[in-house]
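Data first, discussion second: the structure below is written as structure tokens.
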Amino acid sequence: MAGKRQHYLPRLLQRGFLAETSDEAERTWLHRRDTTARLVGISDIGVSPWFYSRKSTDGSPTLDDAITEYERDLGRQVRKLREAPPRAPIDASLAAETVIHLTMRTQHLRSVIGSGVTSIVGEVEALCTDPARLGRMIGLTGPAMADAVNEGIRRNAAELVPAGIPASFSERLFAAAIREYGDQLIENVARTFVPILPRLFGDLAEHIRDAHNRIVAEPLFDQGWVKTLSKFKWRIVEAGELILPDAVALSRESNGPLEPLLFTSGSDTELVMMPVAWNRMLIGQRVTATVDISNFNLEAARACEQFFIARRAFDVESLSGQIGSSLAARITDTIEEVVREAIEARTLSATTISPVEPYR
């Protein structure tokens, strides 16, 4: 039976990165951002109380019980991957299921979602208390308004064409009106958003946890990612000294950087990398994909959310200082896009004009 301490980075994977020590303890080097690496027992790495589920009151199996049972066989499969000769072909279905299971269950995924949503709330609140910035985002003070606002103007103008009013005339009239009453529009946006934020994002951590657990509980054969990656060509590649990021697996779209696997699109992903040991990499690729693992450690550290582990300390390489750097940039870009679309959508709602209103 599973207990209170539940590993979201399973020890069966961490064992491929054990430090060379003289005692019998299972220890590895834990790296966190801008701190000196520490030699830590793997029982204390990637673990959190009741991360997936609490003990059931009626004795029925919990999500953590199900994960523990599934990984009885997975541990043997991962050992086989470590022991496979370099460049030996690997069963695609087995590789896809292993990668997706280990990636989906991480805290990395849950934490990134939580951090992103929390930042969105803060960004929206900040915008609603800064009329000048909000006006610039919508485009009220610049030479051109935001695309979504322009689209709304065009849509309203088109609805007036059957009444005999040229679209070009209506578009100019609406644009002038929006600029004239821009301050009122911004005030309307702020008045609408701020009161509903607590209702939208109350109990945020609990909602994200529940959503994550629902994903993990889905059968692997129902996961679209498993179906996609089962079509890849998989093999084990011998490598130098690899780190294991808390994201577990990285992927790349065409000509793009390596990113956490679930940050790329399944239809566009061409390469997947997952270290299974300090000197063994599981690689899946489409036929046309090129493979270069020489820069993996740097890109893996940048894709981490909190930490990575390794067989030795990487203090000399200053990899811990890279933790989260590319991830933070990606989250920031996503937040700006989400907030911009939300504000523009609200502005469209505020400026929608009924075709009959001008003639009353």
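Nothing in this text is a laboratory measurement; each read-out follows from the coordinates by a stated rule. Note that the coordinates shown come from a computational prediction; the quantities given were computed from them, not determined experimentally. Reconstructed Cβ throughout: ideal geometry from the backbone, glycine too, with neighbour counts over all protein chains shown.
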Please give me, ordered by residue number, the trypsin sites (Lys or Arg not before Pro) of the range 1-77 that lie in loop per DSSP and have at most 13 other Cβ atoms within 10 Å. Lys4, Arg54, Lys55
I want to check the label-to-label distance for Lys55 and Ala88. Put each point 7 Å from Cα in the C-beta direction and report it in nm to one decimal. 4.2 nm
quick shape note, the range 251-322: Cα extents on principal axes in Å, largest first -> 36, 22, 16
Would you kindly derive the ³J(HN,Hα) couplings of the range 35-46 from the backbone phi angles with the Karplus curve 6.51 cos²θ - 1.76 cosθ + 1.60 (θ = phi - 60°), listing them in order in whole Hz, with x for Gly and Pro? 10, 6, 4, 10, 7, 10, x, 5, 5, 10, 10, x
